[in-house]
Amino acid sequence: MADKDYIVRLENVIKQMLTPLKDIPFNLVIESMTGKKVISFDFKNSEHKDVLGLLKQAALQAGKAINKTGILRPRPNEVGNDIEPFVKKALTDLNLNADIPTVPSGNKKSTGYPDILFWFNSVPYYLECKTYNAENIATTQRSFYFSPSDEFKVIYDARIS
């Protein structure tokens with residue numbers, strides 16, 4: 001009988017492990033996985049305001065470049081992948097030294113969260129590029145997928161945009 005109880009408890013633990021986690025603040029997930037701090041963006045901080053202004057400029061610049069070239073993809077998340085080079089170039093043009101994030105082993109990794117690492121006044125910022133289908137704006141369809149990794153790309157205490 002003890003073996004049956006153990007098996008039932010083990011099955012319940014496995015079921016719980018396979019249940020998606022909900023309502024956990026994303027910064028806590030990142031900090032728990034990486035040991036790195038997610039620094040809050042403070043809209044009253046002048047440096048943060050400067051970064052936000054540059055991000056807006058980069059978005060406009062990237063959007064104009066994308067409109068000139070065009071992106072045709074059947075799925076919105078594929079469009080998200082295609083906009084990353086435009087966003088990196090726009091950030092770099094604004095002297096933000098944007099690049100693909102480096103993982104703990106020292107290699108650069110393009111897939112997974114976050115998409116871009118950029119620097120402002122020697123301070124690191126991570127940026128995730130997301131697109132979605134405008135027809136789905138009012139639905140619960142996910143627009144963000146996060147998967148843990150042994151080679152996770154957050155290696156600095158940073159603000160995450």
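Computed from the coordinates by the stated procedures, all read-outs in this text should not be read as laboratory data. The structure presented is a predicted model; accordingly, all values stated were derived computationally and were not measured. Cβ placement follows ideal geometry from the backbone for every residue including glycine, while neighbour counts extend to all protein chains displayed.
Points worth noting:
- GNM flexibility winner over the chain from Val29, Val87, Val13 (Cα, springs under 10 Å): Val13
- Panel order for Thr140, Thr92, Thr131, Thr111, by other beta carbons found within 10 Å of each beta carbon, from fewest to most: Thr140, Thr111, Thr92, Thr131.
- Spatially close Lys pairs in the stretch 11-113, defined by Cα atoms under 24 Å apart and a spacing of eight or more places or different chains, total 27.
- Neighbour counts of C-beta atoms inside 10 Å place Met17, Met33 in the sequence Met17, Met33, starting with the fewest.
- Taking all C-alpha pairs of the chain, those more than 28 Å from each other amount to 33 percent.
- Pairwise label distance in nanometres, Asn121 with Asn97, each label 7 Å out on the Cα-Cβ vector: 1.5 nm
- With both residues required to sit in the stretch 25-161, DSSP beta bridges show an antiparallel share near 70%.
- Segment Val8-Asn45, extension gain: residue separation times 0.36 nm, minus the distance between their alpha carbons: 8.0 nm
- Net dipole in debye of the chain [+1 Lys, Arg Cβ; -1 Asp, Glu Cβ; about Cα centre; nearest 20]: 340 debye
- Sorted fewest first by neighbouring Cβ atoms within 10 angstrom, Asp50, Asp3 come out as Asp3, Asp50.
- Between helix 46-69 and the chain: long-axis angle, C-alpha atoms, 0 to 90°, nearest 10: 80 degrees
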